[in-house]
1. Hey, which aspartates and glutamates would be in cross-link range of K128, C-alpha to C-alpha under 18 Å, not counting anything within fewer than 8 residues on its own chain?
2. Less than 14 Å apart at the alpha-carbon level, and either on another chain or at least 8 residues along: which aspartates and glutamates does that give for K104?
3. Between region 248-294 and region 310-333, what is the separation of their alpha carbon centroids in Å?
4. Starting from the Cα of E82, step 7 Å toward the Cβ, then list every residue of region 283-304 with an amide N under 13 Å from that point.
5. What does the highest-first list of 116-129, 58-71, 99-112 look like by mean Cβ count within 10 Å?
6. If each of E125 and E248 carries a label point 7 Å out from its Cα toward its Cβ, how far apart are those two points in nm?
7. Between R325 and S92, 0.36 nm times their residue separation minus their Cα-Cα distance comes to what?
8. How long is the gain from T334 to M154 if the chain were fully straight, where each residue apart is worth 0.36 nm and the alpha carbon distance is subtracted?
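The values are calculated or read from the model by the stated rules, or taken from the named source; none is laboratory data. What you are looking at is a predicted structure, and each value in this text was computed from that prediction instead of being measured. When we count neighbours, we look across all protein chains shown, and the Cβ atoms used for this are built from the backbone with ideal geometry, even at glycine. Accessible surface areas use protein heavy atoms only, side chains included; no ligands, DNA or RNA. Shrake-Rupley method; radii C 1.70, N 1.55, O 1.52, S 1.80 Å.
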Amino acid sequence: MRKHHFLETGVFACVVAFLFASVLAFAVGRMPGQFATQLLTPNWMPQQIVKLIETSNDVQVAMVADVLPAEHPDIAIVLINEEALSELAYVSPIDRAWVSDLVKAIAALKPRVIALDLLFDRSTEPAKDALLIETLSTLDIPVVLGAADERYRMTEQARAWQAAFLAKTGSPVGYLNLQYDAQEASGDPIIRYRAAAQNGGLYPRSFADRIAEAAGHNFGSGGARSAGAKSDGIGGNRRIPWLGQPSEGETFFALDAVAVLEAARDPDGFLAVALGPQIAGRIVIVGGDFPGRDRHPTPITMHGDDDMLGVQVHAQILAARLDGRFLTDLGPRTVQAVVFGLSFFGLVAGILLHRRGKMLAWGASIATLGVVVAGLAALWVTREVVPLALFVSVLLGSVVVARLLVRFAPSLRL
């Protein structure tokens, strides 16, 4: 009789678990966009759970960050800091004649492309504005400029001035916007993804893509490498595949604008001779390095003291595009399948073992460990970020739901 009751209860539990798992998997599949981080992060969630979800994703991204043996061979960064501007009468906007001199000085070192991570959204001295336009429009080396698109807060006057100035240079222009994801647990922004283009916007391509194109790399209309859409992510995923810092040196060769200008003053001097091989043939991105400005937390800086400069973020995005590296989220169908399996298993185990608390606790612990290990293994092999917190929450939540069902449905008790 007891064996017959156990069999009936087991069959009923499987039917209930199948229905529950189907509904849960369907709900997960209906979540919009990057639901791996959005599914369990509404405002009403306990902050500890939200932080667990966010941290689990960011730790995975940091774990699979590629580390080159040395600095990236194709990219260099020229930083404009307070020291470089110390002798100028004004620093915002930066003196356009000084920017013109800097561009010419970089060009003298024979880079492949020069890219300016600078905003040109207002006039300064007309003669100096005209000088910079002349420099940018007549330089033999390709120059790429950045712009703030329609999503950036600025006056219509500034927006119109920016468009007119950039058009006069004749240079390719990409939007500089970075995508900020709010960390629900702290409210602070963090950069995890490349910003998508603004629909119908004046600047349809990103700054990094424009640089890559100027360097001779071909991209499809959607921004992905023509070799395959996966390099742009699956289903529109735009995760940034970060580069970690090599054991020796920095991720990107970087030097101060002051050093470049000094090298230009003495083309045959020691500094020019030393910098030449470091810059020749490389893509040079020029950007600011000012305290408290244009600095951003990222998954690979979340445990450090220093955030990443905006120009470094653009360099990271560009490096991934040049190298053909990608990092995606686990595909929606795979997530649905795993959610179904875990919720089914958790509910059935919770019902059948509700009288054996220790066995259920040990089983849930082992299953949780198995989910984590399997998720990390999948991450390492496929380079797809696994929503570990989601999977663990589904497993343990299903066990809790099973205990509640047994409590309020006597027919499920063994």
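1. Candidates past the 8-residue exclusion: E87, D95, D101.
2. Within reach: E134, D140, E262, D266.
3. Centre-to-centre distance over Cα atoms comes out at 25 Å.
4. Only 289-293 fall inside the zone, counting backbone N under 13 Å.
5. Result, highest mean Cβ count within 10 Å first: 99-112, 116-129, 58-71.
6. Placing both labels 7 Å along Cα→Cβ, they lie 4.6 nm apart.
7. Result for the pair: 80.2 nm of gain on full extension.
8. Additional length available on full extension: 60.6 nm.
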